[in-house]
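*Asks:* First, the structure itself, so that you have it in front of you.
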Amino acid sequence: MLQTRQNSLGVRFEAQCRAFEKEPFPSLEVRKDRLKRLLALTDKHEAEICAAIDSDFSGRAAQETRLAELFVVRAGIRHAIRHLRGWMRERRVATSLPFLPGRNSLLPQPLGVVGIVSPWNYPFQLAIAPAAAALAAGNRVLLKPSELTPKFSDLLARLVEEHFSPDEMSVAVGDAEVGKTFVSMPFDHLLFTGSTAVGRQVALAAAANLTPVTLELGGKSPAIFDASCDLDAAVASVAYGKLLNAGQTCIAPDYLMVPQGQGAAIAAKLAAAMARLYPRLGDNPDYTAIVSERHHQRLSDMVAEARESGADVTEVNPANEKLGVSDRKMAPVLVRNAGQNLRLMREEIFGPVLPILEYGTVDDAIEHVSRGERPLALYWFGKDSANRQRVMRETVAGGVTVNDCMMHLVQERQPFGGVGESGMGAYHGEWGFRTFSKEKPIFVQSRLSAGGLLRPPYGRMFERLFRLLNLIT
């Protein structure tokens, strides 16, 4: 079965390569048609998509999928359709004086066949958003969705087959072995969203083919409460940002930093805010389950280790329900006074567990963030513009939202991407179009050019022109 899938993958890849050779620069109309079909896929099958994801998670609200996945994808596709003509236009750029009256321009050219490896946590958004960017740029697309969301992956394969020919876009369903084969193929560009550990393996596999990669990874994204913040608003924002999809979000706040002496009070406020969002958990369709037993056990082990080490552990379970026996639900957990050697302080948590750290000065907060690996996101809450400017300038992160959580992700007029351990490259909006294009520089020589006077045989004319060139440059 594995061999058959791998062979099928190779056949589809070759078909897309041949199709691209026949149509290396799709017209605006062709690209818009593909984007409109992707939008139709999203609109017509919303209920099926929500149901499949809900089933794979054993509990995720349709409202959460509609907001965090379908809305984001629709907005991105519509933005691309509106602006595609301008993005595709050959752009004049300045020409240096010695080369006038020649002229320079940049032509955004499709790359060819793009591979996209998407994760399980937002399976629709993180597959279709980059696919939309690749199609807008004029490429063919092969998608490999996660094996941890099998019902959705099978549905996506069927829907793509209904709306696209296989040489335009196709979905490869399979396990990790199929994934290894997929990332080892000689794509013209490869985008991977997932963990940093797997991202390293993907980059190594792609390097064998000199395939350029965009890596959207994760890391320990901090939220920082400045002493000047509106505490109630900040607490409400972090409670929501942390518990959306039960914390299974690459840009969720991974830990919270608060001013010295405020840890206990803020933990109490957070517990109350979380309880207002989710007054019950087990039978609450609004509260998402953990995606698998393995992930649930990993999170439980982290909390157990923290408790055994003497950390202050608060479980936010307003209805005192027994969870995790048959439903994979996990109550939110707040952890204070956790040692830096604990797993939840070293690893990306990716679940509803929030460590709370206290800091003395803004220097201490900056030092703590800078000491760790560079995160995908950073959140700062406060009114003090001087402190905000220092944190913005003296920390490095993939993106920032000030006085809220996660809002930088949905800005189509800004790039989204990581830095260092949290990834490389970016997409969304025009940045997605550029990621999947080659901006080809073109120089058009004028018939009035004097360049011929610099050719052999060399003599006094060459020396005069050469001196002039040095003067004007």
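The values are calculated or read from the model by the stated rules, or taken from the named source; none is laboratory data. These numbers come from a predicted model, not from an experiment. Cβ: placed from backbone, ideal geometry, glycine included. Neighbour counts: every protein chain shown. Ligands, DNA and RNA are excluded from the accessible area calculation, which covers all protein heavy atoms including side chains. Shrake-Rupley method; radii C 1.70, N 1.55, O 1.52, S 1.80 Å.
*Asks:* Give the distance, in whole Å, between the Cα centre of region 57-78 and the Cα centre of region 298-327.
*Replies:* 28
*Asks:* With viscosity set to 1.567 mPa s at 4 °C, what whole-number translational diffusion coefficient in µm²/s follows for region 216-335 from Stokes-Einstein and a Kirkwood radius over Cα pairs? Each step should come with its number before you reach the end.
*Replies:* Numbers: Rh = 15.1 Å.
The diffusion coefficient I find is 86 µm²/s.
*Asks:* Return the carbon/sulfur percentage of the accessible area of the chain, one whole number, probe 1.4 Å, all protein chains in place.
*Replies:* Roughly 53 percent of what the probe reaches on the chain is carbon or sulfur.
*Asks:* While we're looking at this one, here's another question. Just how much of residue 187 is accessible, in Å², when a 1.4 Å probe is used and the result is rounded to the nearest 10?
*Replies:* Roll a 1.4 Å probe over it and residue 187 shows about 10 Å².
*Asks:* Follow-up question, since we're still on this one. Read phi for every residue in region 314-327 and hand back ³J(HN,Hα) as whole Hz from Karplus 6.51 cos²θ - 1.76 cosθ + 1.60, θ = phi - 60°, with x for Gly and Pro.
*Replies:* 10, 8, 9, 10, x, 9, 6, 8, 8, 10, x, 7, 10, 10
*Asks:* Given the pairs 144/220; 32/180; 22/440; 44/322, which are separated by over 29 angstrom at their Cα positions?
*Replies:* Flagged as over cut-off: 32/180; 44/322.
*Asks:* What does the accessible area of residue 180 come to, in Å² to the nearest 10, when a probe of 1.4 Å is used?
*Replies:* Roll a 1.4 Å probe over it and residue 180 shows about 110 Å².
*Asks:* Show me the three semi-axes of the equivalent ellipsoid for the chain, from the C-alpha gyration tensor (sqrt of 5 times each eigenvalue), largest first, rounded to whole Å.
*Replies:* On the way: eigenvalues 402, 184, 72 Å².
In descending order the semi-axes read 45, 30, 19 Å.
*Asks:* Would you tally the net charge around residue 160, using a Cβ to Cβ cut-off of less than 14 Å, leaving residue 160 out, and scoring K and R as +1, D and E as -1?
*Replies:* Once positives and negatives cancel, what remains is +1.
*Asks:* Further, regarding this structure: Search the structure for amide H atoms under 5 Å from the amide H of residue 169, placed 1.01 Å from N in the peptide plane, and list their residues when 5 or more places away or on another chain.
*Replies:* For residue 169, the qualifying residues are 141.
*Asks:* Using only the alpha-carbon atoms of region 103-203, report the extent along each of the three principal axes, biggest first, to the nearest angstrom.
*Replies:* Its Cα atoms span 52, 34, 22 Å along the three principal axes.
*Asks:* Round to the nearest 0.05 the FRET efficiency obtained for residue 99 and residue 371 when R0 = 56 Å and r is the Cβ-Cβ distance.
*Replies:* Calculated value: 0.70.
*Asks:* Taking only C-alpha pairs under 8 Å that are 6+ residues apart, what is the relative contact order of the chain in percent?
*Replies:* The value is 19 percent.
*Asks:* Could I ask something else about it? Please compute the per residue accessible area over the chain with all protein chains in place, 1.4 Å probe, rounded to a whole number of Å².
*Replies:* I get 45 Å² per residue for this part.
*Asks:* Helix-only estimate, please: 222 nm mean residue ellipticity of the chain, summing -39500 (n - 2.57) across DSSP H runs of length 4 or more and dividing by its residues, to the nearest 500.
*Replies:* That comes out to -13500 deg cm²/dmol.
*Asks:* Tally Lys and Arg at +1 and Asp and Glu at -1 over the other residues with C-beta under 11 Å from the C-beta of residue 195: what net charge comes out?
*Replies:* Details: positive: 200; negative: 216, 347, 348, 421.
Net of charged neighbours comes to -3.
*Asks:* Further, regarding this structure: If I fit a long axis through the Cα atoms of helix 196-207 and take the longest principal axis of the Cα atoms of the chain, what angle between them do I get, 0 to 90°, rounded to 10?
*Replies:* So the inclination is approximately 20 degrees.
*Asks:* For helix 263-277, report the angle its Cα long axis makes with the longest principal axis of the Cα atoms of the chain; keep it between 0 and 90° and round to the nearest 10°.
*Replies:* 80
*Asks:* In addition: Residue 120: net charge of surrounding residues, Cβ under 15 Å, Lys/Arg +1, Asp/Glu -1, itself excluded? Write down the numbers at each step before the final one.
*Replies:* On the way: positive: 60, 144, 151, 294, 298, 328; negative: 54, 56, 64, 69, 147, 154, 175, 216, 293, 348.
Its environment carries a net charge of -4.
*Asks:* What accessible surface, in Å², does a 1.4 Å probe find on residue 17, ignoring ligands, DNA and RNA and rounding to the nearest 10?
*Replies:* 30
*Asks:* How would 140, 12, 276 rank on accessible area, largest to smallest, probe 1.4 Å?
*Replies:* On the way: 140 10, 12 55, 276 170 Å².
So the residues, ranked largest to smallest area, are 276, 12, 140.
*Asks:* What is the log10 of I(q)/I(0) for region 1-92, computed with the Debye formula using one identical point scatterer on each Cα and no solvent, at q = 0.11, 0.14, 0.19, 0.24 Å⁻¹?
*Replies:* Cα-only, vacuum Debye calculation for region 1-92: -0.54, -0.80, -1.00, -1.06.
*Asks:* On a 0 to 90 degree scale, rounded to 10, what angle separates helix 28-44 from the longest Cα axis of the chain?
*Replies:* 10
*Asks:* Which order do you get for 164, 462 if you rank them by accessible area with a 1.4 Å probe, largest at the top?
*Replies:* Sorted descending by solvent-accessible area, the residues read 462, 164.
*Asks:* So, one more: With charges only on Cβ, +1 for K and R and -1 for D and E, what is the dipole size of region 188-329 about its Cα centre, in debye, rounded to 20?
*Replies:* My answer is approximately 160 debye.
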